[in-house]
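Contents: one structure, followed by commentary.
The values are calculated or read from the model by the stated rules, or taken from the named source; none is laboratory data. Just so it is clear, the model here is predicted, and its values are computed rather than measured. Every residue, glycine among them, receives a Cβ derived from its backbone with ideal geometry; neighbour counts consider all protein chains shown. Ligands, DNA and RNA are stripped out before the accessible areas are found, and what is left, the full protein with its side chains, is counted by its heavy atoms. Shrake-Rupley method; radii C 1.70, N 1.55, O 1.52, S 1.80 Å.
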Amino acid sequence: MKLHASTTQQYQTVTGYDENGVEINAQPYDYSLIVMPETPPRAWDVGSFEALTEAHFAQILADEPDVVILGTGERQRFVHPKLTAALTMRRIGVECMDSQAACRTYNILMGEGRKVTLALILSTGKAGAA
């Protein structure tokens with residue numbers, strides 16, 4: 001599904017997604033990644049939902065977002081609270097949803113000027129492959 005007809009130069013916007021991956025400013029990605037409005041997307045070394053660890057969320061904590069939108073794949077799944085405890089202790093919300101809903105929600109929050117992080121689990125490709 002295409003979300004926008006044109007790209008934006010200033011912010012990292014989800015411009016499309018399908019079962020194979022996601023587009024950020026019309027650039028396709030087929031591996032898990034972290035997206036924030038004002039920094040280029042970066043690979044997130046998560047091969048599957050089951051592979052998530054506290055260290056994966058520590059990477060996100062370093063960015064100090066207000067809220068994290070976790071895209072868990074084709075269906076909504078919830079992480080164990082111990083994995084996100086460091087974020088919760090700093091009053092950083094973590095919302096889990098299927099990846100397509102996560103992409104839409106990220107765009108809405110980003111458009112409102114929120115300091116949001118999209119943490120997207122995509123298992124179709126290898127993390128870091130460009």
Of these, M110, M97, M36, which one is touching a Pro at 6+ places or on another chain (Cβ under 6 Å), in contact (Cβ under 8 Å) with a residue 24 or more places away in the chain and not polar (S, T, N, Q)? M110
Filter region 28-44 down to the residues that are under 8 Å from the mean Cα position of the chain (by Cα) and β-branched (V, I, T), then identify the one that is surrounded by the most Cβ atoms within 10 Å (Cβ to Cβ). V35
If you go through region 94-126 one residue at a time, how many are open to solvent by 30 Å² or more (accessible area, probe 1.4 Å) and not in a helix (DSSP H, G or I)? 11
Residue under question is G16, and the condition is that it be touching a His at 6+ places or on another chain (Cβ under 9 Å) and either open to solvent by less than 50 Å² (accessible area, probe 1.4 Å) or in a strand (DSSP E or B) (or both); does it hold? yes
Considering region 100-126 alone, what residues qualify as being closer than 18 Å to F57 by Cα and at pLDDT 95 or above? A102, Y106, K115, V116, T117, L118, A119, L120, I121
State all residues of region 45-72 that are closer than 20 Å to V116 by Cβ and open to solvent by 60 Å² or more (accessible area, probe 1.4 Å); if no residue qualifies, say none. Q59, A62, E64, D66
List every residue pair whose Cβ atoms lie under 7 Å apart, where the two residues are 6 or more positions apart in sequence or sit on different chains, the first residue falls within region 17-31 and is over 18 Å from G47 (Cα atoms) and polar (S, T, N, Q), and the second residue, located anywhere, is part of a strand (DSSP E or B) and open to solvent by less than 30 Å² (accessible area, probe 1.4 Å). N25/T15
Selected residue (criterion: nearest to T105 (Cα to Cα)) from residues of region 63-89 that are hydroxyl-bearing (S, T, Y) and in contact (Cβ under 8 Å) with a residue 12 or more places away in the chain: T72
Could you tell me which residue of region 73-85 is surrounded by the most Cβ atoms within 10 Å (Cβ to Cβ), considering only residues that are closer than 26 Å to V22 by Cβ and touching a Phe, Trp or Tyr at 6+ places or on another chain (Cβ under 9 Å)? T84
Index of the failed condition, V35 passing every other in (1) of a type in the set (A, V, I, L, M, F, W, C); (2) in contact with a Leu (Cβ under 6 Å, 6 or more places away or on another chain); (3) over 14 Å from L118 (Cβ atoms): (3)
